[in-house]
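Where a number appears in this text, it was derived from the coordinates with a stated rule and is not lab data. The structure presented is a predicted model; accordingly, all values stated were derived computationally and were not measured. Note that we place each Cβ from the backbone using ideal geometry, even for glycine, and neighbour counts take in every protein chain shown.
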Amino acid sequence: MAENLLEVQDLRKWFPIKGGLLGRTSGFVKAVDGATLGVEKGETLGVVGESGCGKTTLGRTVLKLTQPTGGRILFDGRDITSLRGRKAKPLRRRMQIVFQDPYASLDPRQTVRSALTEPMKIHGLARSRKEADAKASELISKVGLNPDHLARYPHEFSGGQRQRIAVARALAVSPDFIVLDEPTSSLDVSVQSQILNLLKALQRELGLTYLFISHNLAVVRQVCQRIAVMYLGRVVEMAETEALFESPKHPYTRALLSSVPIPDPSRRKALAVLEGDVPSPVNIPPGCRFRQRCEFATERCSEVSPPMKEVRRGQTIECLYDIDFATKRKVELS
């Protein structure tokens, strides 16, 4: 088995709800609530799920852009959960992020040159301005833009070009690991393909490891080797990409995949329709948090919080049963 570059163990990120004249905490929004996963060196792990399931919060928390409430984060074998301030600075160089919106993630007052050279100066990766400029020219060429663009400002570029600049900025400090937070969701389809091809080429060339957050299952299938499915702050299924698409084991994953449009509707499998709404992350129900929307739920599902179990090699689910969706038969997992 490949070695994990990143490991997340029972990670929690709760946001306090303040109220009243004294601003007392009246509750918590449990955005990430016990998520566990691992990302192998050199792979792309996809994280998918409905809006509000905690995907982005997970990505920001593993990068220490927001401090975790509980759990552990291990990077390259080192526990980084409690790192802050200057102690976290070396870590910042090895872990980077490409945000979803290229129109908001770039400083409108900075030229492209400044955006690329500033991280180099902060981390001491360029001994002189001339060396920093040379590296910036190399980076901008690597992402498919012209070095002449270095003197321009973000408003002078299209959305796809801005996202290329954002990728170049992430690469400026030679990271090992990059969180890609829906990097193509705000782009046209043709531009999406160009950015995805660029990311795959850079991964092959530089040996990068990606955590790819997306709600677009077709994109995830194209770029990811493995997929983690999130529901209400937890990872409910993990598997290799093709195994997940061909034979999902968790009822939520099955419903998620059945909603993906296909070119030939006559080849679509039976549509798994979810009833009800996602429970509030402020008031998560006991037992299995998916049970209120699951057609296979039993009384035991309301009493027991299911642990993560391996149903076949490389495929794990957070469920009490191994379900055959064709026959609707279920076997209790030991």
Listed by chain and number, the residues whose amide H is under 5 Å from that of Ala228, excluding neighbours fewer than 5 places away on the same chain and using placed H, are Gly46, Val47, Val48
Reachable lysines from Lys18, criterion Cα separation under 30 angstrom, eight or more residues apart if same chain: Lys30, Lys55, Lys64
In region 149-168, whose amide N lies under 15 Å from the spot 7 Å out along Cα-to-Cβ of Gln194? List them in ranges. 149, 156-168
Most mobile listed residue (Ile80, Ile317, Ile262) in the chain, GNM with C-alpha springs under 10 Å: Ile262
Taking a cut-off of 12 Å between Cα atoms, list the aspartates and glutamates near Lys328, but don't count ones fewer than 8 places away on the same chain. Glu295
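What's the local net charge at Glu275, with K and R +1, D and E -1, over the other residues with C-beta under 15 Å away?
Values: positive: Arg254, Arg291, Arg293; negative: Glu50, Asp277, Glu295.
That sum, taken over residues with Cβ under 15 Å, equals 0.
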Count the lysine pairs in region 86-171 whose Cα atoms lie under 24 Å apart, taking only pairs 8 or more positions apart in sequence or on different chains. 7
Could you run the Karplus curve 6.51 cos²θ - 1.76 cosθ + 1.60 with θ = phi - 60° over region 111-128 and give me ³J(HN,Hα) per residue in whole Hz, x for Gly and Pro? 6, 4, 4, 5, 4, 8, 7, 4, x, 5, 5, 4, 9, x, 9, 9, 7, 8
Would you tally the net charge around Thr298, using a Cβ to Cβ cut-off of less than 12 Å, leaving Thr298 out, and scoring K and R as +1, D and E as -1? -1
Packing rank of 19-32, 202-215, 158-171, where each peptide gets the mean count of other beta carbons within 10 Å, highest leading: 158-171, 202-215, 19-32
So what is the relative contact order of the chain, in percent, for Cα pairs below 8 Å that sit 6 or more residues apart? 19 percent
Share antiparallel - DSSP beta bridges, the chain, percent rounded to 5: 70 percent
Angle, helix 189-206 long axis vs. longest principal axis of the chain, Cα atoms, 0 to 90°, nearest 10? 80 degrees
Considering the dipole of region 107-265 built from charges on the beta carbon (Lys and Arg +1, Asp and Glu -1) around the Cα centre, which of Tyr153, Ala126, Phe212 is farthest to its positive end? Ala126
